[in-house]
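Bear in mind these aren't lab numbers, they're just calculated from the coordinates by the rules spelled out. As the structure is a computational prediction, the values presented were derived from the model and not from experiment. Ideal geometry is used to build each Cβ from the backbone, glycine not excepted, and the neighbour counts take in all protein chains shown.
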Amino acid sequence: MKRALGWLIAIPLLLAACGGQQAAQTGQQVEVTRIVEVTRVVEVTPASGATPAQPAATPAPAPAAPTGFGETLKAIRARGKLICGVNSQVPGFGFVDSAGAFSGFDVDFCKALAAAIFNDVSKIEYRPLTAEQRFAALQSGEIDVLIRNTTWTLTRDTDNGGNFVATTFYDGQGIMVPKASNITKLEDLNGATICVQKGTTTELNLADQMAARNLPYTPAVFEDANSTFAAYAEGRCDAVTTDKSGLVSRRSVLPKPDDHVILDITLSKEPLGPMVRQGDDQWFDIVQWTVFVTFAAEEFGITSQNVDKVKETDTRPEVRRLLGADPNVDLGAKLGLSKDWAANIIRAVGNYAEIYDRNLGPNTKTAIPRGPNSLYTQGGLLYAPPFR
Ligand SMILES: N[C@@H](CCC(=O)N[C@@H](CS)C(=O)NCC(=O)O)C(=O)O
């Protein structure tokens with residue numbers, strides 16, 4: 001039986017808000033325009049292993065927008081653009097520069113969708129969202145799709161009126177510390193202050209993992225990535241935790257990236273991928289199969305450069321169906337799209353490897369080895385069902 005013998009500790013909780021969505025960092029600078037300090041009482045796990053107080057769950061979102069079969073695509077076509085909910089503060093995944101241009105791995109999947117629908121990647125309105133805002137924005141109909149380093153979990157698939165379509169990036173939660181701290185394992189964080197962002201799986205996993213080891217700690221909880229990492233950079237926390245991809249990304253824009261180390265531990269599974277509203281199975285299929293096009297294109301060796309040539313000359317039946325080259329099969333029509341929807345995606349953004357390398361490849365500041373994000377044919381987890 002669990003005993004609630006927690007210690008009550010009053011901690012300063014730093015709640016910070018970024019001064020608007022355009023407050024992206026330029027170069028090595030991180031801009032934080034408003035920080036409010038409040039005090040919160042946190043119950044920390046006792047040695048008996050009782051469950052700690054869980055961080056507050058994401059607030060209940062606004063009522064769902066009506067989305068029956070086919071309504072989302074119809075609405076997108078009528079307005080002439082896709083509205084994509086993205087991150088604006090995580091370089092390599094979703095980031096807005098000082099000129100207002102969005103880029104990143106997740107952003108490229110927004111572009112893939114615009115290519116599938118309009119054959120035009122400029123027909124997108126990017127809606128930058130914090131972790132806390134994202135589910136309500138999807139459910140209220142403010143965005144058509146959420147593509148923002150969002151972890152697929154059971155409750156997010158049910159309670160938030162959303163559906164995850166596929167995993168585009170297999171991740172896990174990590175911890176970053178100053179190299180000089182000599183911290184190497186979770187146990188070294190006994191009694192530490194750990195910076196973490198509100199409304200994330202990160203916050204919950206940290207509580208689970210520290211409780212499992214009976215390690216008291218103080219979570220310093222922030223509204224967005226800029227404020228979380230600014231606090232860490234200022235030395236206000238002993239460590240910072242988020243998805244490992246987020247750590248690699250944000251380390252790259254710290255004043256001295258080499259002074260920080262990502263520990264060789266993984267706290268959780270974080271399968272990241274696009275999310276749509278429940279209720280419109282056509283839209284679900286469009287987003288899901290757009291992702292699969294990028295996997296299949298890599299598997300078949302189709303790239304942004306060779307797609308038109310392959311369409312003309314390749315004799316493999318599945319490749320011909322995928323690219324709309326088979327006169328007897330129109331897979332695009334099954335999704336309410338044009339016959340060349342997949343070819344348009346590949347020409348616009350490339351296959352999965354091209355998307356990955358452009359944003360996270362060895363020549364980028366946010367280089368992350370492919371690891372589990374390799375094709376199943378190369379020992380990874382990426383696998384597209386058949387195009388037939
Ligand atoms: N994958 C986790 C964490 C995602 C997340 O929001 N991470 C933070 C830390 S890097 C982030 O992207 N913040 C950017 C922002 O809120 O603008 C989740 O889905 O809850």
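For the reader, a short list of remarks on this structure follows.
- The alpha carbons of the stretch 346-388 stretch over 38, 27, 10 Å along the principal axes, in descending order.
- Packing-based ranking of 380-388, 302-310 yields 302-310, 380-388, ordered from highest to lowest mean Cβ neighbour count within 10 Å.
- The alpha carbon gyration tensor of the stretch 167-252 gives principal lengths a ≥ b ≥ c with a/c below 1.5, which makes the shape rounded.
- Each 10 Å bin from 0 upward holds the following percent of the Cα-Cα pairs of the stretch 176-221: 26, 57, 17.
- For the stretch 87-152, the convex hull spanned by the alpha carbon atoms encloses 90 Å³ per residue.
- Taking packing as the residue-averaged number of other Cβ atoms within 10 angstrom, the listed peptides 78-88, 184-194 run from highest to lowest as 78-88, 184-194.
- Within the stretch 242-299, the proportion of C-alpha pairs whose separation exceeds 13 Å stands at 73%.
- Proximal lysines relative to LYS269, as straight alpha-carbon distance under 19 Å, when same-chain residues fewer than 8 apart are discounted: LYS185, LYS198, LYS244
- A simple packing score, the average count of other Cβ atoms within 10 Å per residue, orders the peptides 145-151, 68-74, 271-277 as 145-151, 271-277, 68-74, with the highest score first.
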